[in-house]
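I have placed the structure first, in the form of structure tokens, so that the comments after it can refer back to it.
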């Protein structure tokens, strides 16, 4: 497993934890919790994207740019 998959999973879990805290304190209407909500969404999305790209990169066949026909 790639380091980026692990890093993406850590970011996604930290983002979800931040989202949970922000949603539980949403009724207080403080700007800090609104920022936590936004940051949690961004961290979760970043973790999922990083892990997804790492999985796709590991699953794809290698490119051979020298085997193409020349014009």
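The values are calculated or read from the model by the stated rules, or taken from the named source; none is laboratory data. In this text, all values refer to a predicted model and were calculated from it rather than measured experimentally. Cβ: placed from backbone, ideal geometry, glycine included. Neighbour counts: every protein chain shown.
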TODO: Check off (1) surrounded by 13 or more Cβ atoms within 10 Å (Cβ to Cβ); (2) more than 18 Å from the chain's Cα centre (by Cα) for residue 61 and give me the number that stays unchecked.
DONE: (1)
TODO: Could you tell me which numbered condition residue 66 fails, if it satisfies all but one of (1) in contact with a helix residue (DSSP H, G or I) (Cβ under 8 Å, 6 or more places away or on another chain); (2) over 19 Å from residue 8 (Cα atoms)?
DONE: (1)
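Name the residue that is surrounded by the most Cβ atoms within 10 Å (Cβ to Cβ), counting only residues in the range 21-57 that are assigned to a helix (DSSP H, G or I) and at pLDDT below 90. I'd like the intermediate steps shown before the answer.
First, pick out the residues of the range 21-57 that are assigned to a helix (DSSP H, G or I): 21-24, 26-28, 31-57.
The next check asks that each one be at pLDDT below 90; those that pass are 26-28.
Numbers: 26: 13, 27: 8, 28: 8.
Ranking the candidates gives 26 first.
Select from the range 48-63 the residues that are closer than 13 Å to residue 2 by Cβ and touching a helix residue (DSSP H, G or I) at 6+ places or on another chain (Cβ under 7 Å) and list them in ascending order.
50, 51, 54, 55
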